[in-house]
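Notes for the one structure printed next.
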């Protein structure tokens with residue numbers, strides 16, 4: 001952004017930060033791409049950030065740069081990307097896509113829910129007259145193209161504060177209590193901290209330029225919220241429109257349609273008694289209306305979901321959302337309990353009407369016998385009673401620290 005402004009370009013609309021399919025095995029640390037529209041600004045303007053050189057503003061409207069200025073800007077930006085990219089780190093595949101107009105939205109939906117081959121992304125870019133620059137494998141083209149294809153139907157915003165470059169290798173200082181106070185003061189913020197685990201969620205834990213990020217449903221008060229965070233000095237900050245909290249990676253589909261590394265929602269009936277395995281993970285089978293069965297796995301680190309899964313019973317109607325890896329097991333990110341099947345107590349042996357003593361079982365399916373008078377009773381004479389479910393219909397989310405960036409907006413506690 002700094003290089004673009006130095007070259008004389010204006011920012012048109014909000015800069016973009018778009019998260020991509022969370023299931024792909026070759027994702028980067030943040031699994032995101034950045035995008036911005038540059039040109040000659042006009043109309044209303046508003047503040048979107050600050051740099052050491054001063055405030056950064058965006059314009060409501062804009063026109064294209066002159067061809068020569070556009071080419072020079074593109075070359076300058078690519079030079080900056082090459083100079084600042086950490087190409088020595090595994091999985092780093094820098095790419096830059098420039099386009100005179102927005103790419104097809106279908107590319108975004110594929111990139112956030114499926115695996116997009118690099119040639120497919122290149123074809124979409126070429127269809128609108130765009131250009132590509134890449135290093136290494138070229139896989140970064142997919143994300144760079146997706147950010148230009150994002151239709152922004154469900155936008156949230158994030159203010160990202162950056163550290164001074166000389167501090168990137170040192171321990172990050174962000175005061176946890178100030179994060180909690182700011183979150184309480186500004187209810188439009190989300191995923192700032194996890195009340196259950198006491199973890200602060202605004203700051204990364206790895207060496208990188210980011211100091212902290214504040215996510216919000218609306219952008220108006222993000223700058224004021226930033227002032228409430230006590231931390232080491234902020235070198236610069238910027239507000240991005242994002243797809244975080246949108247649930248865009250979750251389309252309604254069937255288990256038959258779900259491909260390797262895909263995401264989505266499945267709806268059906270529980271067809272096995274949930275079993276808790278090593279590590280506290282819970283597994284159950286889900287049967288969809290067409291009879292297709294999918295093995296579902298609820299991971300212990302989600303904290304809230306294993307308890308819900310353990311209380312499910314055969315016949316319960318549920319919707320689950322999440323994704324899969326290369327194997328067909330569905331990794332559950334959230335559960336909606338739609339309706340519950342009847343719960344019954346274990347069979348109670350009948351009481352002998354003559355001796356008034358409880359009969360004893362004589363074997364599975366063989367009935368009961370009075371221990372006093374030896375009178376026999378058939379299996380169906382056992383009594384059962386309907387139990388009150390320990391689970392209520394509703395939507396259940398992971399604890400905040402276990403939610404992915406794209407997870408649908410949900411209560412924090």
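Computed from the coordinates by the stated procedures, all read-outs in this text should not be read as laboratory data. Just so you know, these numbers come straight off a predicted model, no measurement behind them. Because the Cβ atoms are built from the backbone with ideal geometry, glycine has one as well, and the counts that use them run over all protein chains shown.
A few comments on the model shown:
- Relative to one another, the C-alpha centroids of the stretch 1-80 and the stretch 340-364 are positioned 73 Å apart.
- The chain: calculated mean residue ellipticity at 222 nm from DSSP helix runs of at least 4, using -39500 (n - 2.57): -5000 deg cm²/dmol
- Acute angle (nearest 10 degrees) that the helix 118-127 long axis makes with the longest principal axis of the chain, alpha-carbon atoms: 50
- Cα gyration tensor category, rounded, prolate or oblate, for the stretch 156-242 with a/c compared to 1.5: oblate
- The Cα trace of the chain gives Rg and Dmax of 27.8, 105 Å, the first to one decimal, the second as a whole number.
- Using a Förster distance of 56 Å, the FRET efficiency for residue 82-residue 339 (Cβ separation, nearest 0.05): 0.50
- The angle between the Cα long axis of helix 176-185 and the main principal axis of the chain comes to about 90°, on a 0 to 90 degree scale.
- Taking packing as the residue-averaged number of other Cβ atoms within 10 angstrom, the listed peptides 171-177, 291-297, 16-22 run from highest to lowest as 16-22, 291-297, 171-177.
- Inter-part distance where the stretch 142-174 and the stretch 224-258 are each reduced to a Cα centre, Å: 8
- Tensor-based shape of the stretch 2-149 (alpha-carbon gyration tensor, a/c under 1.5 rounded, otherwise prolate or oblate): prolate
- Length added when fully stretched, residue 70-residue 181, from 0.36 nm per residue minus Cα-Cα: 35.5 nm
- Packing around the peptides 148-155, 116-123, 227-234, 399-406, taken as the average count of other Cβ atoms within 10 Å per residue, puts them in this order, highest first: 399-406, 148-155, 116-123, 227-234.
- For the stretch 185-342: rounded, prolate or oblate by the Cα gyration tensor [a/c cutoff 1.5]: prolate
- Contact order normalised by residue count of the stretch 227-368, Cα under 8 Å, 6+ apart, percent: 18
- The stretch 333-413: Cα Rg divided by the 2.2 N^0.38 Å rule of thumb: 1.95
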